[in-house]
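Down below is the structure, laid out as structure tokens.
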Amino acid sequence: RVCLVREGKSDEFIKIENADDVYNLVKDELVNSDRERLLSVMLTASSHLIGVETVSIGSLYSASMCGRDVFKSAILSNSAALILLHNHPSGDLTPSREDIQMTQKLIEAGKLLDIQVFDHLIVSPNGYISLRDHIKFPN
């Protein structure tokens, strides 16, 4: 859920410090899905969780990643950073060429919007991989 104003005051902030934190946050939603789903985890400048959005629900083999859709909630929620996740229902954690190319495009788009793309995880019942480890992410 994206809010343009903060509702109420919460003393509990979820801090995302690494890929394991993100995986544990959303794994239940992704590992049992029979279709590819793309999620966006929106973060503050101090890496506190703002929210999680389902950006796209696709087919068994693909989910579309439109930059406009990925960044819409991030802009509305005043996010400083994003972590993207999508699942591979097949269980194969190997990133496709399209996964890598789209991630690189989203990193560049994020630079223009001043929203850093920290990582992109591929999730399956077999665990996850971080695309940060497979492609050169700019600092």
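For this structure, a couple of remarks:
- Any hit, the stretch 94-107, residues being in contact (Cβ under 8 Å) with a residue 40 or more places away in the chain and more than 13 Å from I122 (Cβ to Cβ): yes
- Among residues of the stretch 101-127 being within 15 Å of A81 (Cα to Cα) and among the aliphatic types (A, V, I, L, M), the one that is farthest from the chain's Cα centre (by Cα) is L112.
- Residue check, S79 at pLDDT 90 or above, in a loop (DSSP other than H, G, I, E, B), surrounded by 17 or more Cβ atoms within 10 Å (Cβ to Cβ) and not β-branched (V, I, T): yes
- Residues of the stretch 17-47 that are assigned to a strand (DSSP E or B), open to solvent by less than 20 Å² (accessible area, probe 1.4 Å) and under 20 Å from E98 (Cβ atoms): L38, L39, S40.
- Of the residues making up the stretch 114-128, those that are more than 18 Å from M42 (Cβ to Cβ) and either surrounded by fewer than 20 Cβ atoms within 10 Å (Cβ to Cβ) or in contact (Cβ under 8 Å) with a residue 60 or more places away in the chain (or both) number 5.
- Here K72 fulfils each of the conditions (1) open to solvent by 50 Å² or more (accessible area, probe 1.4 Å); (2) at pLDDT below 90; (3) not in a loop (DSSP other than H, G, I, E, B) apart from (2).
The values are calculated or read from the model by the stated rules, or taken from the named source; none is laboratory data. In this text, all values refer to a predicted model and were calculated from it rather than measured experimentally. So basically every Cβ, Gly included, is an ideal-geometry build from the backbone, and we count neighbours across all protein chains shown. Ligands, DNA and RNA are excluded from the accessible area calculation, which covers all protein heavy atoms including side chains. Shrake-Rupley method; radii C 1.70, N 1.55, O 1.52, S 1.80 Å.
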